[in-house]
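Take a look at the structure below.
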Amino acid sequence: MAKKNHYLLTHNLSHKIYNRIEALPIVDVHNHIDAEQLTVPAKNIWDLMCAKDHYILELLNSFGVAQSFLLGRVSDREKFRIFSENFYKFSGLPSRDWFLLDLKNNFNIEIKTLDPSNEDHVWKKSLSILAGGHLTPAAIIRNSNIEIIGTTNEPWEDLRVHQQGIAGLSRNPLRPSFRADSLIKIWDPRWKKDRLPRLGLTKFPRFSAYLEAIRKRFSYFMNHRNLSVDIAIDEPEFSAVDFKTAEHIFKKCLEDSNLPKNERDNFYSYMICEVMSEWCYAAGIPLQLKIAALRDQRKMGVPDGSDISDHTITFRSLAFLANKYDPEQIRTPKSAIFISIKDPAGYPGQAELARIFPNIYYSGSWWTQDSPEGLETGLRLRTPIAGYYKGLHFYTDARSLTVFRSRFDMFKRVLANHLAEQIDKGRLTESLAFRIAEDLSYHEPKRLFKIS
Ligand SMILES: [Zn+2]
């Protein structure tokens, strides 16, 4: 008989529930996979599993490995060696678990930890598997049973790979999401310099021409199986803002991008509440809001990550957005809004919004909350307020393809444990726990994101 894998499963019925969901396909509606990278096989294990993983890079950087080393011309072999020297410092972090699970799942390498005594073996074995062509992106997707890879994409991307699919796969798992941050943050110095030209606009466009250029890009995405609109916003302060006010701020920003906070809030309000959510509603697709992660707090260091959680979210202003699209008012609800926040201190407010409004769902746990502890906290704090069915419980936020399986596996195990505990407490029947486990792991993400 095969040995039972007890990893994270501690209750009597955890295994039984986990066995029901273990093999379900992966539907991931938010990640940062670069589709272009799926057209070429990885060169080595660092390239495949570490080089794009901002969790690993950020932590190595924080443990004292210089940015110039991690991103510089040093060989991947040397970077992997330094990673192995520092790997013990990943203890307690989910990245440690994912890395070891990824090694097992993708390379059939089973080790208890990575260290200088076994790193050469890991490097050579993984290199021979990659060189043999056994671990192409298509092979990883097949082996991991990934059905949907919901990427986030800048509005000007051509979505070439999304359109043509991945070599070796009969079914195309790639679905883009229209990432609107860079169009809304017009006060960002990169906006005038890089982003306007990418939209084919001159330096001083009219606001109406700007909106029209964005709308064209949105239509382009919709013609490429767009899954959602995805926006990250630091401190949402939504209120009713009309076209004239937004136009005035836009004009002002073209002259001087030093906008005061109230004008930035007003522009956010107009672009999200009047423009993007209107388009989502008309197209019948979800809006994903990633809230209160204060970006780029470290000015030096590796790119991506470097976010801290904000404790001062104004849920009242999210209620403004929710009210605008209340199905009681609009009658035919066509799209839902998924709100992710980083800080668990905000989970009650987040879940209360989901409890009140038919069109609002809590979403995540994500970024620094996707550990077993963070996932369990998400289930413990939010389900007593809004239940299991007003949430999108997990997405990978991943940068590398190999990690999908281990991250979803971690979520499924935490969910199985949580539900088993509810059965033990007499709060769930076994059959209902099975149903919830299957729904939350697979059926609900598909239903909520209208994936057929
Ligand atoms: Zn993300």
- Kindly put Val403, Val65 in sequence by how many other C-beta atoms sit within 10 Å of each C-beta, fewest to most. Val65, Val403
- Note on the structure: Nearest-0.05 FRET efficiency for Arg171 and Thr10 at R0 = 30 Å, using Cβ-Cβ distance, is 0.25
- Message: At a 10 Å Cβ-Cβ cut-off, how would you order Ile360, Ile285, fewest neighbours first?
- Response: Ile285, Ile360
- Query: Structure shown: which of Lys193/Lys334; Lys52/Lys185; Lys43/Lys193 lie over 28 Å apart, alpha-carbon to alpha-carbon?
  - Reply: Lys193/Lys334; Lys43/Lys193
- Item | the chain: angle of helix 119-131 to the longest principal axis, Cα-based, in degrees nearest 10 | 70 degrees
- Item | Between helix 347-356 and the chain: long-axis angle, C-alpha atoms, 0 to 90°, nearest 10 | 60 degrees
- Message: For a quick check of your reading of the filter: which GluC sites (Glu not before Pro) in region 102-158 sit in a DSSP loop and have no more than 15 other Cβ atoms within 10 Å?
- Response: Glu110
- Scattering profile of the chain at q = 0.06, 0.09, 0.12, 0.14 Å⁻¹ [log10 I(q)/I(0), Debye over alpha-carbon scatterers]: -0.27, -0.61, -1.10, -1.47
- Give me the distance between the Cα centres of region 1-53 and region 251-302, rounded to whole Å. 32 Å
- With Cα coordinates, the longest principal axis of the chain makes an angle with the long axis of helix 94-107, in degrees rounded to 10, of 60 degrees
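Each reported figure results from applying straightforward, stated rules to the coordinates on display, with no laboratory input. If you're wondering where the values come from, they're calculated on a predicted model, not measured in any experiment. Neighbour counts run over all protein chains shown; Cβ positions are idealised from the backbone, glycine included.
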